[in-house]
Amino acid sequence: MATEAKVLAPLDIRLARAPAGGFTSAARAAAHGRLVAMGLPGRRDEYWRYTDPAELNAPAAVTAENPMPEAPLSVSGALQIRFDGGVAAPLPQSPEGLDLALLSAADTQDIHWAGALFGVLEGEGQSPVKRPLAALNTVLATEGLLVRAGSGSHAIHVDYSIGSMGSDTYLHHCIRVGEGADLTLIESGRAGARSNILIEVDLAPGARFHHVRAQGRDADRRTVTHIFARIGAGASFKSFTFGENGRLTRNEAILDIRGDHAVAHVAGVALGNGAAVPVLHDDTVFITHGAVGCESRQVFKKVLRNGATGVFQGKILVKPGAQKTDGYQISQSLLLDEDSQFLAKPELEIYADDVKCSHGSTTGAIDETALFYLRSRGVEKDRATALLVLSFLADAIAEIEDPDLADQIVARLEDWLGLGAAE
Amino acid sequence: MLKIQNLHVKLEAEDKPILKGLDLTVETGKVHAIMGPNGSGKSTLSYVLSGRDGYEVTEGTAELDGVDLLSQEPEERASEGLFLAFQYPVEIPGVGNMTFLRTALNAQRKARGEDEVSAGDFLKLVREKAKSLKIDAEMLKRPVNVGFSGGEKKRNEILQMAVLEPKMCILDETDSGLDVDAMKLVADGVNALRSPDRAFLVITHYQRLLDHIRPDVVHIMADGRIIKTGGPELALEVEQNGYADLLAEVK
């Protein structure tokens with residue numbers, strides 16, 4: 001395949017240039033091997049049937065047009081870290097209990113703990129479903145954040161900006177949260193004209209990880225992200241993603257619950273308005289229950305208009321012996337017109353007999369009775385529609401634990417809906 | 001106040017006539033009741049007046065203080081002072097009752113060219129109105145009608161009425177699904193809102209609501225028309241004899 005050769009050939013050159021001897025070069029070489037064996041994704045692959053990966057595979061990023069910069073989320077008390085077009089600004093001083101470093105310095109600074117993570121969770125996450133764009137990230141990403149929260153409670157805000165309008169950004173973050181430690185990770189903005197961001201998260205027993213990200217509101221944006229998480233006993237993993245528009249967005253979460261009584265929640269709200277450029281927003285989730293008494297929850301909601309397309313592929317795999325599993329999955333779309341569409345593929349695969357798993361998926365329009373109810377009280381049609389959209393999204397928004405961040409997300413929702421400032 | 005002349009309405013989807021030349025006038029300060037058997041068109045009348053989709057007016061007029069209602073959007077009718085208390089109030093998860101009420105009040109005020117009510121004044125206003133309807137702070141905080149009992153939903157309708165202060169209130173079978181105590185509470189709420197500047201149209205199947213909300217005028221509706229108009233005694237007559245005699249009388 002011509003595209004494949006074009007993408008894969010330069011990899012060899014880049015690999016050859018990478019510093020030898022460190023753990024990253026070994027991991028990159030391994031990822032390169034995986035990638036060559038898998039090949040790049042195509043429409044014929046089961047998990048790319050609804051989403052055409054061509055623009056994510058292409059050798060170079062397409063120049064983005066009409067950027068719509070947006071203020072980053074505001075998080076008081078968080079360490080601020082910036083990446084501009086994939087280039088890191090100097091890191092702030094780390095407080096006690098937290099180690100921060102950059103991937104670009106990993107080999108020279110001998111950050112050995114990251115060696116046990118970098119490309120490792122990604123590699124393990126390639127089965128049973130292959131994820132070539134994640135392997136591609138491990139091969140190509142030379143920058144990213146390495147975070148180790150050993151103790152205490154910490155918050156980090158990663159603020160991305162696009163750099164140049166043709167920027168093609170690969171970032172690879174590794175995060176380890178130690179026993180009993182608590183880490184909040186906020187991500188704001190758009191990292192490149194095309195961006196491929198991968199996060200590996202390792203949660204020790206009793207660790208807590210909260211993740212909230214807002215991926216921007218640009219129409220002309222191509223984004224692929226992966227989160228690979230390994231979740232230990234009694235640990236808690238919670239991730240929420242908010243996205244507006246975007247030509248092509250694919251967010252994958254691959255969560256591996258290894259220890260008993262752990263919790264994994266992943267949620268997202270996507271708003272797609274295809275008026276300016278076509279919008280495709282894809283959430284693909286794979287949660288593996290490999291321990292006893294764990295809870296997982298997937299809540300995904302999309303609001304689509306002007307021909308936007310939403311995709312959800314969500315799987316819960318309950319391994320033999322993972323008794324008392326409580327798995328819940330809901331994916332819903334609200335179509336504001338007849339041109340938009342939502343494609344959903346919920347999957348359950350269960351090999352234990354004492355579990356509770358449920359899934360549901362709905363596609364619908366605005367409830368006319370509720371709309372009339374609001375209008376009969378004097379609320380204008382647009383505002384009434386907006387209130388019903390907020391109503392539709394409420395249980396996904398409720399997945400954001402921090403009320404201040406939830407308010408900021410709601411304000412962005414209201415902006416998108418054309419409501420301006422909140423009441 | 002409300003003047004309906006020769007109103008003909010059909011269901012858009014089915015091409016089925018429901019209202020067949022209805023005439024009704026409600027004067028300011030009065031409480032009119034409409035009673036009638038199932039399928040006589042009572043709820044259709046309330047929906048057509050408030051502007052719900054799905055109905056087509058083929059003939060006739062409806063005016064509120066001389067303003068043509070039928071050409072207006074539902075929200076415009078509300079700002080003109082029309083209020084419909086729903087038979088089945090709608091649940092709206094994720095939208096707080098207070099947010100909803102304040103949005104509605106300010107939207108109406110804005111439409112009328114009045115200043116919006118500040119958050120502080122609004123809170124005071126709602127608390128005061130809620131107290132008399134025995135609606136507690138917890139209920140105000142909850143999402144609109146979500147998890148409310150039948151009685152709470154109807155009390156919430158009356159609270160909206162009290163806050164929005166409409167001049168023409170239509171109550172569509174407000175007594176349905178209420179026990180005696182809940183009905184009394186709702187009726188007390190309505191009675192507290194009776195005033196020389198405000199009129200009510202109370203739609204009901206049963207006379208019992210009218211024991212609590214005493215009407216000035218009672219209309220009997222059948223087959224899309226008002227077939228008889230009288231005083232409160234007409235409701236008692238229906239209660240005792242049913243509709244059969246009245247229907248036969250008209251035929």
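The values are calculated or read from the model by the stated rules, or taken from the named source; none is laboratory data. Source: prediction; values computed, not measured. Cβ placement follows ideal geometry from the backbone for every residue including glycine, while neighbour counts extend to all protein chains displayed. Ligands, DNA and RNA are stripped out before the accessible areas are found, and what is left, the full protein with its side chains, is counted by its heavy atoms. Shrake-Rupley method; radii C 1.70, N 1.55, O 1.52, S 1.80 Å.
At a glance:
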read-out	value
Between A and B, accessible area buried - total, square angstrom, nearest 100, 1.4 angstrom probe	2100
Convex hull of the protein assembly as shown built on C-alpha atoms - directionally averaged projected area, nm²	34.0
Value at 222 nm in deg cm²/dmol, rounded to 500, when DSSP H runs of n ≥ 4 in chain B each add -39,500 (n - 2.57)	-11500 deg cm²/dmol
Kirkwood-Stokes translational diffusion coefficient of the range B:156-251, alpha-carbon pairs, 20 °C, 1.002 mPa s, µm²/s	149
For chain A, built as a Gaussian network whose Cα springs stay under 10 Å, the top-fluctuating residue of A:THR241, A:THR309, A:THR363	A:THR363
Accessible surface of chain A [probe 1.4 Å, protein heavy atoms]: carbon and sulfur percent	51
The range A:371-423 versus the range B:22-78: alpha-carbon centroid distance in Å	31
A:TYR351, B:TYR55, reordered so the largest accessible area comes first (probe 1.4 Å)	A:TYR351, B:TYR55
Helix A:403-416 vs. chain A, principal-axis angle (Cα, 0 to 90°, nearest 10)	60
Residue among B:GLY96, B:LEU19, B:LEU209 farthest towards the positive dipole end of chain B, charges placed on Cβ	B:GLY96
Using alpha-carbon coordinates, inclination of helix A:23-38 to the longest axis of chain A, degrees	60
Chain B - accessible surface per residue (Å², probe 1.4 Å)	44
Among B:GLN87, B:GLN240, B:GLN207, residue whose mean-square fluctuation peaks in a GNM of chain B (springs only between Cα atoms under 10 Å)	B:GLN240
Built amide H within the under 5 Å cut-off of A:ALA264, gap 5+	A:PHE237, A:GLU295, A:SER296, A:ARG297
Cα→Cβ-extended label distance, 7 Å offset, between B:THR28 and B:ARG208, nm	3.6
Spin-label model distance (nm) - A:HIS112 vs B:GLU56, 7 Å beyond Cα toward Cβ	8.2
Cβ-based charge dipole, chain B, positive-most Cα from B:SER71, B:ASN191, B:LEU49	B:ASN191
Computed FRET value (nearest 0.05) for A:LEU348 with B:ASP121, which takes r as the C-beta separation and R₀ as 45 Å	0.30
Amide proton proximity set for B:VAL218, modelled H, under 5 Å, gap of 5+	B:ALA33, B:GLY230, B:GLY231
GNM top mover of B:LEU45, B:LEU164, B:LEU125 - chain B, alpha-carbon springs below 10 Å	B:LEU125
Point-to-point label distance, A:THR362-B:GLN72, nm (Cα→Cβ direction, 7 Å offset)	3.3
Nonlocal amide H pairs with A:GLU143, under 5 Å, H built at 1.01 Å	A:HIS172
Chain A - mean residue ellipticity at 222 nm from DSSP helices (-39,500 (n - 2.57) per run, n ≥ 4, rounded to 500)	-7000 deg cm²/dmol
Per principal axis, descending, Cα span of the range A:367-423 in whole Å	34, 22, 16
Percentage relative contact order, chain A, counting C-alpha pairs under 8 Å, at least six apart	10
Degrees between helix B:180-193 axis and first principal axis of chain B (Cα, 0 to 90, nearest 10)	80
